[in-house]
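After the structure tokens below, expect a handful of questions from me.
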Amino acid sequence: MAQVAPTPGRRALTSGRNQGRPDLFSPRAHALGRWAVPFAIGLVYGYWAAANRRSGGPITAWNVVFGFVTAIVFTVLLAGVLTLAPRLPRELHAFVWFLFSGLAFGFLYNQSGESVLLTVGLSLAFGVAVGLICFYWVYTHEDAEGHRLR
């Protein structure tokens, strides 16, 4: 079967990091996405926490401030986890995601006014599930020596 050979004038579709996969966005778009995606998720999280806290009541200025502060803190923590976790060994990688997801779920669930015991139990269960999934994902994407497969 005939294959198209790369020519000197053509731009390569792959970068060194994404071997075999097309790189559709520029490096600037990727850099912007590293902050825009966590910020968008943080805004949804902040709105959700504020809505849980007011329990369907009227929106107040303090409720809006609470939502924005929650969004900013969540965004910074999520960006930190997304930056730090891939550099860690698989066990710590999964543990960081266990902590982050359990705390995020627990905080969100606690804003609805449920009991602390139920909040802790559900957030532990959710964190364990996310940690196990993350461990499995990282474990299946490494070689025998622990190096990431690309």
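Tell me, what % of the accessible area of segment 73-150 is carbon and sulfur with a 1.4 angstrom probe? Walk me through the numbers before you get to the answer.
Details: 3720 of 5040 Å².
That fraction is 74 percent.
Keeping all protein chains in the complex and leaving out DNA, RNA and ligands, what accessible area do you get for residue 60 with a 1.4 Å probe, in Å² to the nearest 10?
About 70 Å², rounded to the nearest 10.
Next up: By how many nm would the segment from residue 60 to residue 91 grow when fully extended, if each residue of separation counts as 0.36 nm and the alpha-carbon distance is taken off?
Working: separation 31, 0.36 × 31 = 11.16 nm, distance 4.28 nm.
The residue 60-residue 91 span can extend by a further 6.9 nm.
For residue 24 and residue 147, FRET efficiency with R0 = 30 Å and r from the beta-carbon atoms, rounded to 0.05?
Details: r = 26 Å, r/R0 = 0.88.
Plugging the Cβ-Cβ distance into 1/(1 + (r/R0)^6) gives 0.70.
Which sequence of 45, 109 reflects their accessible areas, 1.4 Å probe, from the largest down? Please list the in-between numbers first.
On the way: 45 25, 109 60 Å².
Accessible-area ranking of 45, 109, largest first: 109, 45.
Right, next: Excluding residue 111 itself, calculate the net charge of residues whose Cβ lies under 10 Å from the Cβ of residue 111, where each Lys or Arg counts +1 and each Asp or Glu counts -1.
On the way: positive: 53, 54; negative: 114.
Within the 10 Å Cβ shell, the charges total +1.
Still on this model: Please report the net charge: other residues with Cβ closer than 15 Å to the Cβ of residue 88, K and R +1, D and E -1. Please list the in-between numbers first.
Numbers: positive: 87, 90, 148; negative: 91, 142.
Charge balance near residue 88 sits at +1.
Could you pull the accessible area for residue 25 with a 1.4 Å probe, rounded to 10 Å²?
Using a 1.4 Å probe on the heavy atoms, I get roughly 130 Å².
The values are calculated or read from the model by the stated rules, or taken from the named source; none is laboratory data. If you're wondering where the values come from, they're calculated on a predicted model, not measured in any experiment. Cβ coordinates were reconstructed from backbone atoms using ideal geometry, including for glycine residues, and neighbour counts include every protein chain displayed. Surface accessibility is based on the protein's heavy atoms, side chains included, excluding ligands, DNA and RNA. Shrake-Rupley method; radii C 1.70, N 1.55, O 1.52, S 1.80 Å.
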